[in-house]
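As structure tokens, the structure follows; a few thoughts come after it.
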Amino acid sequence: KTRDGVLRHFEARMTPMPHGEILFLTREITAKKESEDKLRVSEELYRSVASTISDGLLIVDLMGHILALNPVASRMLGVRVPSSPTEQPLQLSELRLLAPDLATPLPIEQWPVYEAIHTGERVVDRILPMRRGDGQVIWIQMSSNVLRVGPDEPPFAAMASFRDITLEHRALQELAVSEERWKFALEGAGDGVWDWNISSGEVFYSPRWKAMLGYQDHDVQPLAEEYLSRVHPDDQERVRDSFIRYAAEGHGIHQMEFRIAHRDGHYLHALSRGKVVSRDAYGAPQRMVGTLSDIS
């Protein structure tokens, strides 16, 4: 400790001299010691965070060698970082990413880690299939970015984080299949299907809905106005009010008859049936699906 009360660190070296003297050399290493202490704290913080988060975490050098991985990544991949310098370093290929066919290895240039290293840009939430260490295929959500000593310095490594989203992915696939089934069933019955995302204003109109009114698939935009603008002028206010009232208060099935314009100029007598299938936490409708039938 110096006279001013500041704790400083020194490195000392003693060298025996020819006539019995000792050469005593010192140099101050306070800055170096502080840097080492900060690095040690950073490493402890990294290990603490990496061992407790639920995501897999990898640190990879620019040659594709895995420098570090946390316990979650180790379990998912079925590998560990070599503890001895004589052991062969792990390669990034231990992360067995797959193409959409779930069999072919994903080309290396399409891996998020390599993309981040090549472009220097962060890759966020890329969804990919991966073969786990036990051979099971799972779906992961992966992000990756390069690591730099400073903002203007070249990258020296890359970090990848990933999580297992197999259950969520499977649920979305099952939902998509279920929706395809009911749309196919209704189309087969001769009804046009519409699916209205109320919060965004977008509407899906099935090919049968468009053909019923004389249109090709590309002729109709996914907007609510495409529906209401074709309703007969004398019926528009009644239809609009009925939809708004049902969406705000109604339960069960909404059903009403009105006239709707065909492309060639005449009007069809139509029966519309629909149901709110999703509401937000406050009860406001978010999504409504239904059918349009020609009852002329």
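Are there helices (runs of 4 or more DSSP H) fully within segment 190-290 with at least 3 residues that are without any contact (Cβ under 8 Å) to a residue 12 or more places away in the chain? List them. Before the answer, list the steps.
On the way: elements: 207-212, 224-228, 233-249.
So the answer is 233-249.
I need the full set of residues from segment 117-130 which are under 22 Å from Val72 (Cα atoms) and buried (at least 18 other Cβ atoms within 10 Å of the Cβ), in order please.
Listed by number, the residues that qualify are Val123, Leu128, Pro129, Met130.
Are any residues in segment 144-153 assigned to a strand (DSSP E or B) and of a type outside the set (Val, Ile, Thr), and if so, which ones?
Filtering segment 144-153 down to residues assigned to a strand (DSSP E or B) leaves 144-147.
Those that are assigned to a strand (DSSP E or B) and of a type outside the set (Val, Ile, Thr): Ser144, Asn145, Leu147.
Quickly run through segment 146-155 and pick out the residues that are open to solvent by 30 Å² or more (accessible area, probe 1.4 Å) and in contact (Cβ under 8 Å) with a residue 12 or more places away in the chain.
Just the residues of segment 146-155 that are open to solvent by 30 Å² or more (accessible area, probe 1.4 Å), to begin with: 147-149, 151-155.
Answer for segment 146-155, where residues must be open to solvent by 30 Å² or more (accessible area, probe 1.4 Å) and in contact (Cβ under 8 Å) with a residue 12 or more places away in the chain: Leu147, Pro155.
Quick one: in segment 181-197, of everything that is at pLDDT below 85, surrounded by 14 or more Cβ atoms within 10 Å (Cβ to Cβ) and not acidic (Asp, Glu), which residue is nearest to the chain's Cα centre (by Cα)?
Top of the filtered list is Lys183.
Considering Pro16, Pro85, which residue is at pLDDT 75 or above and farther than 23 Å from Ile127 by Cα? It would help to see each step written out before you state the result.
On the way: Pro85 fails: at pLDDT 75 or above.
Residue meeting the stated conditions: Pro16.
Here is a check on your reading of the model: is Ile253 open to solvent by 30 Å² or more (accessible area, probe 1.4 Å) and touching a Gly at 6+ places or on another chain (Cβ under 9 Å)?
Values: open to solvent by 30 Å² or more (accessible area, probe 1.4 Å): yes; touching a Gly at 6+ places or on another chain (Cβ under 9 Å): yes.
It is true that Ile253 is open to solvent by 30 Å² or more (accessible area, probe 1.4 Å) and touching a Gly at 6+ places or on another chain (Cβ under 9 Å).
Determine which member of the set Gln173, Gln110, Gln91 is without any contact (Cβ under 8 Å) to a residue 40 or more places away in the chain and either closer than 30 Å to Thr291 by Cβ or open to solvent by less than 40 Å² (accessible area, probe 1.4 Å) (or both).
Numbers: Gln110 fails: either closer than 30 Å to Thr291 by Cβ or open to solvent by less than 40 Å² (accessible area, probe 1.4 Å) (or both); Gln91 fails: either closer than 30 Å to Thr291 by Cβ or open to solvent by less than 40 Å² (accessible area, probe 1.4 Å) (or both).
On inspection, the qualifying residue turns out to be Gln173.
Could you grab me the full set of residues in segment 133-145 that are at negative phi and open to solvent by less than 90 Å² (accessible area, probe 1.4 Å)? It would help to see each step written out before you state the result.
At the first step, the residues of segment 133-145 found to be at negative phi are 133-134, 136-145.
Selection gives Gly133, Gln136, Val137, Ile138, Trp139, Ile140, Gln141, Met142, Ser143, Ser144, Asn145.
Which of the residues spanning segment 21-60 are crowded, with 16+ Cβ neighbours inside 10 Å and at pLDDT 75 or above? Steps first, please.
Narrowing segment 21-60 to residues crowded, with 16+ Cβ neighbours inside 10 Å: 50, 55-60.
Within segment 21-60, Asp55, Gly56, Leu57, Leu58, Ile59, Val60 meet the criteria.
In segment 256-296, which residues are open to solvent by less than 60 Å² (accessible area, probe 1.4 Å), over 16 Å from Asn197 (Cα atoms) and among the small types (Gly, Ala, Ser)? Explain how you work it out, then say what you get.
Start the filter on segment 256-296 by keeping residues that are open to solvent by less than 60 Å² (accessible area, probe 1.4 Å), which leaves 256, 258, 260-262, 265, 268, 270-272, 274, 276, 278, 280, 283-285, 288-293.
Those left that are additionally over 16 Å from Asn197 (Cα atoms): 256, 258, 260-262, 265, 268, 270-272, 292-293.
Result: Ala261, Gly265, Ala270, Ser272, Ser293.
Residues checked against (1) in a strand (DSSP E or B); (2) modelled with pLDDT of 90 or more:
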position	(1), (2)
Asp101	no, no
Glu109	no, no
Ala116	no, yes
Val124	yes, yes
Ile127	yes, yes
Asp134	no, no
Trp139	yes, yes
Met142	yes, yes
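The values are calculated or read from the model by the stated rules, or taken from the named source; none is laboratory data. From a predicted model like this one, the values you see are computed outputs, not experimental measurements. Backbone-built Cβ (ideal geometry, glycine too); neighbour counts: all protein chains shown. Note: accessible area is taken over every heavy atom of the protein model, side chains too, but ligands, DNA and RNA are not part of it. Shrake-Rupley method; radii C 1.70, N 1.55, O 1.52, S 1.80 Å.
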